[in-house]
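Okay, so here's the structure we're looking at.
The values are calculated or read from the model by the stated rules, or taken from the named source; none is laboratory data. None of the values given here were measured: they were computed from a predicted structure. Cβ atoms come from the backbone with ideal geometry, glycine included; neighbour counts cover every protein chain shown. Surface areas here come from the heavy atoms of the whole protein model, side chains and all, with no ligands, DNA or RNA. Shrake-Rupley method; radii C 1.70, N 1.55, O 1.52, S 1.80 Å.
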Amino acid sequence: MSDITPFARLGAARVAAIVDRFYDLMEHDPAFAGLRAMHDADLTPMRSSLTGFLTAWLGGPRNWFSERPGTCVMSLHGAMPITPALGEQWVAAMDRAIAAEPDIAPDLAATLSTALGRVARAMARIPQAA
């Protein structure tokens, strides 16, 4: 078992690149229009926040958590109308952002996609319309 964190394997620049690619997809790919509609016009604060969260979550500097004592990412999204379809849009965009990162180890990419997918799907609290 390795003591090397996912953040150490990725590095800050690669985490930021994945987040930027994720938000670029959300902003420009019509497949993610529903997800995009849930966000403010300016995605800059969200890019920064997700980069900080992922950095800490992956074992890097924990600034995101120290700047938001007691904050739970699930609670932050609790009031949002996140349907299963929107959760799947998030998963698809993040999977594509991770997969497009050059030279990321396949095992690390799969682990990230699986773990982030679980989180995104858990946030989907509104049942899909029949």
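Over the heavy atoms of ARG9, what accessible area does a 1.4 Å probe trace out, to the nearest 10 Å²?
ARG9 exposes around 100 Å² with every protein chain in place.
Want the number for HIS28 to PHE65: 0.36 nm per residue separation, take away the alpha-carbon distance, what's left?
Values: separation 37, 0.36 × 37 = 13.32 nm, distance 2.99 nm.
Gain in length upon complete extension: 10.3 nm.
Quick query: amide H of ILE82 versus all other amide H atoms, modeled in the peptide plane; which residues come in under 5 Å with a sequence gap of 5 or more or a different chain?
ARG125, ILE126
What ranking do 71-77, 46-52, 97-103 get when scored by the average of other Cβ atoms within 10 Å per residue, highest first?
Packing order, densest peptide first, comes out as 46-52, 97-103, 71-77.
Take the Cα atoms of segment 4-81, find their three principal axes, and give me the spread along each one in whole Å, biggest first.
Largest to smallest, the principal-axis extents are 37, 27, 17 Å.
Give a residue-ordered list of calculated ³J(HN,Hα) values for segment 40-53 (Karplus: 6.51 cos²θ - 1.76 cosθ + 1.60, θ = phi - 60°; whole Hz; x for Gly, Pro).
3J(HN,Hα) across segment 40-53, in whole Hz: 5, 4, 8, 8, 3, x, 5, 4, 5, 5, 5, 4, x, 4.
State the percentage of accessible surface on segment 15-130 attributable to carbon and sulfur atoms; use a 1.4 Å probe and exclude ligands, DNA and RNA.
Taking all protein chains in place, segment 15-130 shows 60 percent carbon and sulfur surface.
Starting from the coordinates of the alpha-carbon atoms of segment 33-74, obtain the Kirkwood hydrodynamic radius over all distinct pairs and give the value in Å to one decimal.
So the Kirkwood estimate lands at 11.4 Å.
In whole Å, what three semi-axes, largest first, describe the equivalent ellipsoid of the chain built from its Cα gyration tensor (square root of 5 times each eigenvalue)?
Square roots of five times the eigenvalues give 23, 17, 15 Å.
On average, how much accessible surface per residue is there in the chain, in Å², for a 1.4 Å probe, leaving out ligands, DNA and RNA? Kindly include the intermediate steps, with their values, before the conclusion.
Values: 7290 Å² over 130 residues.
Solvent-accessible surface per residue comes out at 56 Å².
From Cα pairs below 8 angstrom and at least 6 apart in sequence, can you work out the relative contact order of the chain, rounded to a whole percent?
Over the chain, the number comes to 31 percent.
Relative to the first principal axis of the alpha-carbon coordinates of the chain, what is the inclination of helix 106-123, with its axis defined by its Cα atoms, in degrees from 0 to 90 and to the nearest 10?
40
Once fully extended, how much extra length lies between THR83 and SER48, figured as 0.36 nm per residue of separation less the alpha-carbon to alpha-carbon distance? Could the numbers behind the result be given before it?
Details: separation 35, 0.36 × 35 = 12.60 nm, distance 2.42 nm.
Gain on stretching THR83 to SER48: 10.2 nm.
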